[in-house]
Structure formats: C-alpha cells, structure tokens
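*Asks:* Encoded as structure tokens, here's the structure I'll be asking about.
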Amino acid sequence: MGEEVKKIQLGVGVEIEIPESYKALEDACRAKIERILAKYPKARKMYELLLNDPEVNACWDMADYIAVKKLRYNDHGQTHAIIVAAFALEMLELLHEAGHEPDIVADGFGDMDDAALIVLAAALLHDIGNQVHRDNHSFFSAVLAAPILTRLLPKIYDHPEIAAEIRGFILHAIHSHEKEIPSLTTEASIICIADGCDMFKGRGRLPFDLGNVNIHTVSALSIHNVKVERGEHRPVRILIEMDNSAGIFQVQELLKEKIDSGVLSDKIEIVAMAVPPESSTDQRIVSRIMYVEGKFVPF
C-alpha cells in the first residue's frame, strides 16, 4: 500500500511529507477554483490574500503537524483546504443555477461575489484549529480565523461594518463544519458537506501507511473518485465511485450525516456506485493485518 512521498514546500519552518498524488489533486482543485472565481473579483482577491499570507500558511502547516504527525489522521492542511474550497464553490454554483440563493443574497445583504468569498474563506480556514487539538477543533478554527479575517477583509471591503458582517458569515460556516454543530445558513451547510466530500483517491492512505488501520482508513481507500455535478432530482448530485464496498461507510456514516446536519438536505442527492460496474468482485484493500504495540499494522 506504500506510495512515494515528497516534501511539499509551503514556506519555511514546519513541513510534513505527504503522498505526491496529493499535490496533483490539489493542482486540479486549484484549476477549478480559479475557473469559478474568474467572475468574482472580491472572492478572487480574498483567495490570493489567503494563499499568500504567512500566518495562514503557518496555520495549515501546524494543523497538518498535529493531525498527521501526532494523531495519525489524514491531511488537514493546505491540500485539504483547497479540495474543500473547490467542492464548495462547485456546489454554490449549482445551487445558484437552480435558483437556490445563498443566505447573504436571499436576505438582501450581498451578492454572489460576497457569497463566493464567504464560502471560499470558510473552506480555506475551517480546519486551522487542528493545530490546537483535534478536540473542539471547529471552535478553535473560528477563534484563530477571526483575527486573520479582521486583518484581511478591510483590504476588500471599505466599510468596517460590512467587513465585520462578512466575517460573521464566515465564522459561522467555520464553526459549524462538523455534523455535531448544526449549520444554519446555506453557506455554512455547503462547507460542512464539501468537507465530507474529501474522501477520495486514497486520502486515507497516509494514516493507513502509518499503521492506522480501521474502518475510516480502509473505507477511504475504497473511494475511487468523488464528483459534484448537477443532480437529476435535486440541484446537486454527489457521485461517489468505489473500488470496494467498504466505501459505503464513508457515504452513510460521514457524508450523509453532514448533509443532514444543515439546511440543504432537500437539495442534495447522493449516488454511490462500484467501479467498474461490470465487475463481480471488489478490489481488495486489506490482505493481512497484525495487532502489535497497541495498533493494527498492515503487512
């Protein structure tokens, strides 16, 4: 199950080693983000500000350090943030095309550019609290994001009150990105669901190779691909392609729970399918494991 890894240079100081395939995935998601943001100048500027901010990059690095190195979780740094942002913006666009406006638009407080900025910033900052601890990380993410947003939003919004209100929308979306905390706005619900979509192309491989063998890592390795597209019966379809039926755990216990915790449960449809569809057998994920030194290890 091993995979060649290389260091991804995000700056200086703390770094982690991640599979090279993560970088290719991140690049593909960056291309999606840039395509969508081409028509949203405020959101585009926020994207550039966050990507080039040393404090934000340090937050991503430290979130990965705690999550991956100390807790043996999967990536929770920059790559994860970019993936979630791409999924979130795709969902925002599909909902808008279907006539379901984000709250800031529907309630007359802003336009789609503002909504894209809220969704983008929340996606990029939603997991930075992992640097404090995984426990209560959504709360810590909001606490750490607040001064960053206070510093950066005035570069986009001239009026202090508007900047502060935009910050409020973002902080709610960050804090409620886990299923235990109900998402009360469309923007926040999008972030919660998009976070659950990052489960494909072996995103559980890193903790699996570190010896963290459980249903979470095995089911994550079972996901071949995840796509967000226009639905047949609802505005958004999340299509999950699985190499192994264990991927059902990701769909039923993680993604579905995130969808149901917000305000978009009637706007999202999930389709999970085994690939290739003509095959009568699944791809084997685990051949043999051994319990040693308090953990299950593949060998």
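*Asks:* Out of every Cα pair in segment 20-79, what percent are spaced more than 12 Å from each other?
*Replies:* On the way: 1276 of 1770 pairs.
So the pairs more than 12 Å apart make up 72 percent of the total in segment 20-79.
*Asks:* Please give the FRET efficiency for VAL271 paired with ARG30, using the beta carbon to beta carbon distance and R0 = 25 Å, rounded to the nearest 0.05. Spell out each step's value before the answer.
*Replies:* On the way: r = 26 Å, r/R0 = 1.04.
For VAL271 and ARG30, the calculated efficiency is 0.45.
*Asks:* Here are a few candidate values for log10 I(q)/I(0) by the Debye sum over Cα atoms at q = 0.06, 0.07, 0.13 Å⁻¹: (1) -0.22, -0.30, -0.96; (2) -0.19, -0.25, -0.88; (3) -0.29, -0.38, -0.87. Which one was actually calculated from the structure I just gave you?
*Replies:* (2)
*Asks:* Over segment 124-175, what portion of Cα pair distances is larger than 16 Å, expressed as a whole percent?
*Replies:* On the way: 486 of 1326 pairs.
So the portion of pairs separated by more than 16 Å is 37 percent.
*Asks:* Based on other C-beta atoms within 10 Å, arrange CYS29, CYS59 from fewest to most.
*Replies:* Fewest-to-most Cβ neighbours within 10 Å comes out as CYS29, CYS59.
*Asks:* Would you pull out the residues with amide H under 5 Å of ASP282's amide H, same chain only if 5 or more places away, H placed 1.01 Å from N?
*Replies:* none
*Asks:* Which whole-number percent is the relative contact order of the chain (Cα, under 8 Å, 6+ apart)? Mind dumping the intermediate values first?
*Replies:* On the way: 546 pairs, mean separation 46.0, N = 299.
Relative contact order, the chain: 15 percent.
*Asks:* Gain in length, GLU20 to ILE248, computed as 0.36 nm per residue apart minus the alpha-carbon separation, to one decimal in nm? Let's see the in-between values first.
*Replies:* Working: separation 228, 0.36 × 228 = 82.08 nm, distance 2.61 nm.
The GLU20-ILE248 span can extend by a further 79.5 nm.
*Asks:* Taking a threshold of 21 Å on the Cα-Cα distance, which of the pairs LYS42/LYS179; LYS23/LYS227; LYS179/LYS256; LYS23/LYS69; LYS23/LYS267 fall above it? Walk me through the numbers before you get to the answer.
*Replies:* On the way: LYS42/LYS179 29 Å; LYS23/LYS227 18 Å; LYS179/LYS256 10 Å; LYS23/LYS69 18 Å; LYS23/LYS267 31 Å.
Too far apart for the 21 Å limit: LYS42/LYS179; LYS23/LYS267.
*Asks:* Can you tell me the orientation of helix 54-64 relative to the chain, as the angle in degrees between its alpha-carbon axis and the longest Cα principal axis, to the nearest 10?
*Replies:* For 54-64 against the chain, the angle is about 30 degrees.
*Asks:* Sorted from fewest to most neighbouring beta carbons within 10 Å, what does the list THR185, THR281, THR217, THR150 look like?
*Replies:* Values: THR185 22, THR281 7, THR217 28, THR150 13.
In increasing order of surrounding Cβ atoms, one gets THR281, THR150, THR185, THR217.
Read the figures in this text as sums done on the coordinates, not as results from a lab. Remember, it's a predicted structure, so these values are computed and weren't measured experimentally. Don't worry about glycine lacking a Cβ; one is built from the backbone with ideal geometry, like all the others, and counts go over all protein chains shown.
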